[in-house]
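Worksheet for the structure shown next.
The values are calculated or read from the model by the stated rules, or taken from the named source; none is laboratory data. Given the structure is predicted, the values throughout are model-derived calculations rather than measurements. When we count neighbours, we look across all protein chains shown, and the Cβ atoms used for this are built from the backbone with ideal geometry, even at glycine.
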Amino acid sequence: MKVLVTGGAGFIGSHTCVELLNNNYDIVVVDNYSNSKPEVIDKIKKITGKDFKNYEIDICDKEKLDKIFAENKIDAVIHFAGYKAVGESVKKPLMYYRNNIDSTLTLLEVMNKYNCKNLVFSSSATVYGSPNSLPIKEDFPLSTTNPYGTTKLMIEGILKDLYISDKDFNITLLRYFNPIGAHESGLIGENPNDIPNNLMPYIVKVATGEYDHLNIFGNDYDTIDGTGVRDYIHVVDLAIGHIKALEHLNGLRIYNLGTGKGTSVLELVNTFSKVNNVPVKYEITDRRAGDIAACYADVKKAFNEIGFKATKTIEDMCRDAYNFVIQNKKY
Ligand code: UFG
């Protein structure tokens, strides 16, 4: 089976490419490297000892994408490509809507033309907005708080409509919780180009001395220690979730990918310090606008229907995230 991976050089995309190759799928990668690096392709090859085709294109470019489908018999697509920074999306909404929606529509039109009707889409727990209760189930009401999240929700809507119009499509929407960690080889991991918005890349930069301290956004939430609680999932577990989704593509399906377990900011910081034996200085500051107190997944549906269960611990996530930067001396 030949799988096209859009955004295959990105954080989640690259780890999914590794799992696909390890599971003997043929892959074709497309990426425009707008938020990733071409060298990641060689790292994927090094980890797996396997070769594959990769193209540097923007998938909004219909002619170039069409050519890739003409040259390769694509059976299924995993669609990761897209802008993903919440704060940036608030400042540049048109850029987010244009890029994320346009690229998906272009991809779907080309897939349709080549009769490729199997798709796994990279969605996000952000589509649950502020949940009324926890853990979050897939049938909870959907809403968003920023343009990035709205692009995910809009694309989910487009895919649902597409499925209603053509039941030959098999589409699985995967709603990720908070992916962190890195491949245990230390060759691929999270490597944000700018100042990180997310917690783990920030912790790593404090641990390596690049930043003086972490700002913890509020310690007065109604949580175990007052800091925000999230469902952190190891990126390799998340990648394996995509293999399960591919294996079970059938009709329209929606799954949470998380561990089902909540971890607070302080718990994550303390675990990171402990397993890596490195101090992480922090200060408590005001809450960040738009943040919710707690968010974690109900993981039963993914387990019952596609047999997915995350197995890696918070300790694994902290160790692998740090190992990646140490190995690559990105500080
Ligand atoms: N946090 C800090 N300091 C920081 C960064 C984050 O205290 O410097 C806290 C946040 O307040 C929150 C927790 O750490 O409590 C996690 O924050 P992240 O920014 O790492 O992740 P979010 O849960 O806010 O958002 C992530 C992704 C989104 C996605 C969402 C899905 O960034 O793209 O999960 O629920 F939409």
Worksheet item: Which condition number does K113 fail, the rest of (1) surrounded by fewer than 22 Cβ atoms within 10 Å (Cβ to Cβ); (2) within 12 Å of the ligand (Cβ to nearest atom); (3) not polar (S, T, N, Q) being met?
Response: (2)
Item to complete: Give the residue that is farthest from Y211 (Cα to Cα), with candidates limited to residues of region 254-294 that are out of contact with any helix residue (DSSP H, G or I) (no Cβ under 7 Å at 6 or more places or on another chain) and assigned to a strand (DSSP E or B).
Response: I254
Worksheet item: Looking at region 233-249, is at least one residue over 28 Å from G186 (Cα atoms) and away from the ligand (no atom under 13 Å from the Cβ)?
Response: yes
Worksheet item: Among I188, I216, I203, which is the only one that is in contact with a helix residue (DSSP H, G or I) (Cβ under 6 Å, 6 or more places away or on another chain), under 14 Å from D320 (Cα atoms) and near the ligand (Cβ under 9 Å from one of its atoms)?
Response: I203
Item to complete: Could you check how many residues of region 116-139 are basic (K, R) and within 16 Å of the ligand (Cβ to nearest atom)?
Response: 1
Worksheet item: Which one of these is among the aromatic types (F, W, Y) and closer than 17 Å to D231 by Cβ: Y128, Y114, Y96?
Response: Y128
Fill in: Residues that are touching a residue at least 12 places away in the same chain (Cβ under 8 Å) and among the polar types (S, T, N, Q), drawn from region 1-33
T6, S14, T16, N22, N23, N32
Fill in: Those residues of region 257-293 which are closer than 25 Å to A239 by Cβ, surrounded by fewer than 21 Cβ atoms within 10 Å (Cβ to Cβ) and near the ligand (Cβ under 9 Å from one of its atoms), in sequence order
none
Worksheet entry | The lone exception for I216 - which of (1) surrounded by 17 or more Cβ atoms within 10 Å (Cβ to Cβ); (2) closer than 23 Å to F11 by Cα it fails | (2)
Item to complete: Starting from residues that are under 16 Å from A9 (Cβ atoms) and modelled with pLDDT of 95 or more, keep the ones in region 186-204 and report whichever is surrounded by the most Cβ atoms within 10 Å (Cβ to Cβ).
Response: G189
